[in-house]
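Since every read-out is calculated from the coordinates, none of them should be taken as a lab result. Bear in mind the structure is a predicted one, so any value in this text is a computation, not a measurement. All Cβ positions, even for glycine, are placed from backbone atoms using ideal geometry, and neighbour counts span all protein chains on display.
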Amino acid sequence: MPSAYIKGIGFYVPANIVTNKDLERHMDTTDEWIQERTGIQERRYGTRHQETTSTLGTEAAKKAIANAGIEPNEIDLIIFATLSPDYYFPGCGVLLQRQLGINKTEIPCLDIRNQCSGFVYGLSIADAYIRSGMFKNILLVGAETHSMGLDFSTRGRNVTVIFGDGAGAVVISATDEHFRGILATKIHANGEFAEELAMINPGSHGGVHAADPSIYGYNEAEYGETFISQKMLDDGMIFPNMNGQLVFKNAVAKFPEVIGEVLQASGLEKSDIDLLVCHQANLRISQFVQKAMGLRDDQVWNNIQKYGNTTAASIPIALAEAVEAGKVKKGDLISLAAFGSGFTWGAALIRW
Ligand code: ACO
């Protein structure tokens with residue numbers, strides 16, 4: 001059975017830097033509040049009408065494919081993870097395929113959600129496909145354009161200051177070298193908390209998951225306004241909402257737990273980890289995890305200070321940066337871990 005390894009990696013972030021001071025001009029917030037609670041100093045926003053989730057993903061994908069030393073038409077499956085797609089449907093996978101100029105190959109494009117855990121979920125899927133022998137070169141992309149869907153009034157400040165745009169991509173390929181590549185992945189979810197970190201509207205739910213549909217902005221009209229209502233627009237119910245403290249509490253428990261699971265599945269110990277790359281949710285969460293794992297500063301890679309939380313893109317951006325910075329050598333043991341909306345979470349262990 002072949003193993004799956006990361007043959008190529010790349011990332012792309014928009015040129016437009018938005019500092020905390022810039023956000024102070026739109027909402028009642030301060031650089032001090034943002035840095036103290038999240039560690040974020042600045043983030044990138046895509047250029048309106050030019051850059052989208054799929055175009056950011058395409059730039060990252062081109063770099064990953066070049067880094068892998070293969071041609072775009074050698075890719076035989078695309079997996080695209082995002083919570084901020086260009087269109088409600090179809091997903092970004094087919095747009096990326098077209099933008100890479102490989103639509104004539106008619107390869108399948110799989111769109112996955114899973115928010116902050118999207119990259120780890122995608123890695124787990126790619127690993128299983130490669131090991132089964134079904135595909136040889138899988139392009140996995142995590143990309144987000146949060147800036148187009150955030151509330152820039154003070155009402156949305158607890159969420160808006162956290163998120164940024166960007167994309168990361170990897171080419172995952174088959175190798176006969178055993179004990180190399182993806183050693184283990186573990187993915188989990190608990191739908192009890194589905195609405196605690198969510199963008200609920202617009203959607204097809206019609207309010208059924210709430211005791212009172214009007215909580216989600218529905219009026220009493222028998223027909224119409226079931227997907228999106230004027231009240232949702234007026235009351236800003238079309239933006240993401242987050243129960244920050246509940247997310248924090250669950251994240252700091254689940255990150256170490258799931259990293260422990262992949263270590264156990266591989267017969268390895270915390271002390272074997274050379275580099276930990278956590279989903280960049282919040283610097284305080286990453287520092288908490290680092291402490292729980294007993295890792296030194298040089299054994300973790302954080303870049304949320306520069307990019308904010310880029311959700312499905314954050315792990316591949318951070319990993320690509322660490323690789324570019326020469327932090328990753330062949331044979332190193334890398335742990336990736338994520339937690340986010342759903343709640344969903346997961347981890348992967350990679351022998352580079
Ligand atoms: N600027 C200034 N004040 C703010 C801002 C802001 N951007 N946002 C909220 N506040 C105010 C609140 O209104 C509140 O004011 P009040 O006391 O007058 O009511 C006060 O700050 C405290 O608000 P809390 O929400 O209680 O702040 P908390 O200390 O919990 O920090 C935070 C919020 C940073 C989100 C924290 O809960 C956290 O770190 N949670 C983890 C969630 C997270 O990191 N999510 C990332 C995305 S999800 C993911 O990737 C897993």
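Some points to look at:
- Computed from label points 7 Å out along Cα-Cβ, the spacing between TRP33 and ASN190 is 3.0 nm.
- Extension reserve of the LEU233-ASP298 stretch, reckoned as 0.36 nm per residue once the Cα distance is removed: 18.8 nm
- Long-range Cα-Cα pairs in segment 21-90 (distance over 14 Å), rounded percent: 73
- Binning all Cα-Cα separations of segment 176-227 at 5 Å, short to long from zero, yields these whole-percent fractions: 4, 14, 20, 15, 8, 8, 5, 6, 6, 5, 5, 2, 1.
- Residues PHE11, PHE152, arranged from fewest to most other Cβ atoms within 10 angstrom of their Cβ, appear as PHE152, PHE11.
- Ordering of 117-123, 299-305, 273-279, 20-26 by packing [mean C-beta count within 10 Å, highest first]: 117-123, 273-279, 299-305, 20-26
- Hydrophobic long helices, here whole DSSP H runs in the chain with Kyte-Doolittle means of at least -1.0 and Cα atoms spread over 30 Å or more along the helix axis, are found at 244-266.
- Rounded to the nearest 20, the size of the Cβ-charge dipole of segment 248-352 about its Cα centre is 200 debye, with Lys and Arg at +1 and Asp and Glu at -1.
- For segment 3-175, DSSP calls about 70 percent of its internal beta bridges antiparallel.
- Residue order, fewest to most surrounding Cβ atoms within 10 angstrom, among ILE315, ILE187, ILE17: ILE17, ILE187, ILE315
- Calculated [θ] (222 nm, deg cm²/dmol) that DSSP helices of n ≥ 4 give over the chain, each run adding -39,500 (n - 2.57): -9000 deg cm²/dmol
- Distance from the Cα centroid of segment 291-323 to that of segment 95-112 is 29 Å (rounded to whole angstrom).
- Cα pair distances in the chain, grouped into 10 Å bins until the bin that holds the longest one, percent each: 6, 26, 34, 24, 9, 2, 0
- Between the residues THR160, HIS146, ILE6, the greatest Cα displacement towards the positive end of the dipole of the chain, with unit charges on the Cβ of Lys, Arg, Asp and Glu, is found for ILE6.
- Size of electric dipole in the chain: Cβ of Lys, Arg +1 and of Asp, Glu -1, about Cα centre, debye, nearest 20: 880
- Remark: segment 36-158 carries a charge dipole of roughly 240 debye about the Cα centre, counting +1 on each Lys and Arg Cβ and -1 on each Asp and Glu Cβ.
- Counting only the Cα atoms, segment 1-142 fills a convex hull of 132 Å³ per residue.
- Cα lying deepest toward the dipole's positive end in the chain, options GLY46, PRO85, PHE255, charges on Cβ: PHE255
- Over 21 Å apart at the Cα level, from the set LYS21/LYS306; LYS254/LYS291; LYS136/LYS270; LYS63/LYS136; LYS249/LYS327; LYS21/LYS254, are LYS136/LYS270; LYS249/LYS327; LYS21/LYS254.
- Simple label model, 7 Å out from Cα along Cβ direction - TYR88 to SER214, nm: 2.5
- Shape call, segment 245-352: gyration tensor on alpha carbons, a/c limit 1.5: oblate
- Cα gyration tensor of segment 308-352 - equivalent ellipsoid semi-axes, whole Å, descending: 22, 14, 5
- Taking other C-beta atoms within 10 angstrom as a stand-in for reagent exposure, TRP352, TRP345 fall in the order TRP352, TRP345, fewest first.
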